[in-house]
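To keep things clear, I will list the structure first and then write my remarks on it.
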Amino acid sequence: MCKNTASDEYFLRLRGEVQFLKDIQESGVDGRVKKHLKLLRKQELDEMMEAAYTRILVPRSRVVFAVCDPYGKLKHGECYFRPTIPDDDTDFTAAEKIVVARSPCYHPGDVRVLKLTHEKPGYEKYANLRDCLVLSVTDPCPGAFECFEGDLGGNCFFVSWDTDLIPSGIEAPCDYAPTIATKIREASAKSVSYLSAKFRRGHRSRHLNYREQMLRYFATFSDEIPKRIEGEYMKCATAAGPSSKECRQLSKMLYQAANFTEDTATLQKELEQMNEAVNKLLLRSGPITGHPDSL
């Protein structure tokens, strides 16, 4: 810090210290400025130490929200993205592809490589859409759904045009569609619900009982299952890599748990089976250095 001007500027911009950076550019670096820079550095290091995941500075990247294509021009595998770059943006202008991943994502197929359209003619209407990712909505699958079935109602996406991070090959998106058994269970539940509704018309007390059960369910709901699945996933990914068969299965289970596409009892049973499989992996690979469970 204070020795590499370019690095200092990057750091301050990413921290949102724009005014402080202007003060340095106008007045130079004195004792007060050095003291504040050291404080910011310490805060950043403390946050990194406390964070569950390691943060890596990637200047040619952004974490942004996404929107669907408002004009319907983007084809499958295309996107529109133009970040705000304070200085020279020729580095981004020359980019043809970006790597996109929903934050967080777990399956190797959740990482997508999309073609940029920001320099193509006919996309002038998109010029006001800065610092957000515009994704296609065309078949066979909307762009957001290929990133861990992400939606556009608050999910963040990691975007990078750094050529060292863009993979040369990508996997097919993970199929998060409900299983046949799940579809049958949902159809049966709807049928039972319809018959129960007709039957309850003359049974007010039973109807109230159902409502009370629903209230208790949502009042006592816990995200314990998703947390346990994620814990198993992190141990498995460290031991065998995110492309392993076990990690792929756990990533599907995480989606099912987060989106209620599978009942809790079934997920608990599958989680017990996966726990045994992950423990066998750990025995073969040895202790996981740095993982909380190994400390």
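Count, please, the residues in region 15-35 that happen to be part of a helix (DSSP H, G or I) and surrounded by 12 or more Cβ atoms within 10 Å (Cβ to Cβ).
Result for region 15-35: 7.
How do the pairs read when you match residues in region 66-90 that are at pLDDT below 85 with residues anywhere that are among the hydrophobic types (A, V, I, L, M, F, W, C), using Cβ under 9 Å and keeping only pairs 6 or more apart or on different chains?
Matching pairs, first to second residue: 85/92; 86/18.
Among the residues of region 57-77, are any of a type in the set (Gly, Ala, Ser), surrounded by fewer than 14 Cβ atoms within 10 Å (Cβ to Cβ), out of contact with any helix residue (DSSP H, G or I) (no Cβ under 7 Å at 6 or more places or on another chain) and over 23 Å from residue 155 (Cβ atoms)?
No, there is no match, as no residue in region 57-77 is of a type in the set (Gly, Ala, Ser), surrounded by fewer than 14 Cβ atoms within 10 Å (Cβ to Cβ), out of contact with any helix residue (DSSP H, G or I) (no Cβ under 7 Å at 6 or more places or on another chain) and over 23 Å from residue 155 (Cβ atoms).
Could you figure out which of (1) touching a helix residue (DSSP H, G or I) at 6+ places or on another chain (Cβ under 8 Å); (2) within 27 Å of residue 249 (Cβ to Cβ); (3) modelled with pLDDT of 85 or more; (4) not β-branched (Val, Ile, Thr) isn't true of residue 151?
It is condition (3) that residue 151 fails.
Could you tell me whether region 50-59 includes any residue that is among the charged types (D, E, K, R), on the phi < 0 side of the Ramachandran plot and at pLDDT 80 or above?
From region 50-59, those among the charged types (D, E, K, R) are 50, 55; that's our starting set.
Then keep just the ones that are on the phi < 0 side of the Ramachandran plot; that gives 50, 55.
Now narrow it down to the ones that are at pLDDT 80 or above: none.
Scanning region 50-59 turns up no residue that is among the charged types (D, E, K, R), on the phi < 0 side of the Ramachandran plot and at pLDDT 80 or above.
Quick one: what pairs do we get from region 91-115, first residue under 14 Å from residue 163 (Cβ atoms) and surrounded by 19 or more Cβ atoms within 10 Å (Cβ to Cβ), second of a type in the set (Asp, Glu) and modelled with pLDDT under 90, C-beta under 8 Å, 6+ apart or different chains?
Sorted first by the residue in region 91-115, then by its partner, the list stays empty.
Could you tell me how many of the residues in region 23-45 are without any contact (Cβ under 8 Å) to a residue 12 or more places away in the chain and closer than 23 Å to residue 61 by Cα?
Selection size over region 23-45: 2.
Does region 238-289 hold any residues that are over 23 Å from the mean Cα position of the chain (by Cα), farther than 16 Å from residue 226 by Cα and not β-branched (Val, Ile, Thr), and which are they?
Matches in region 238-289: 276, 277, 279, 280, 281, 282, 283, 284, 285, 286, 287.
Starting from region 256-282, keep only residues that are within 14 Å of residue 240 (Cβ to Cβ) and in a helix (DSSP H, G or I), then list their pairs with residues that are at pLDDT below 85 and not basic (Lys, Arg) whose Cβ atoms are within a distance under 8 Å, requiring at least 6 positions of separation or different chains.
Listed by first residue and then by second, the contacts come to 282/288.
The values are calculated or read from the model by the stated rules, or taken from the named source; none is laboratory data. Being a predicted model, the structure only gives us computed values, none of them experimental. Cβ sites come from the backbone with ideal geometry, for glycine too, and all protein chains shown count toward neighbours.
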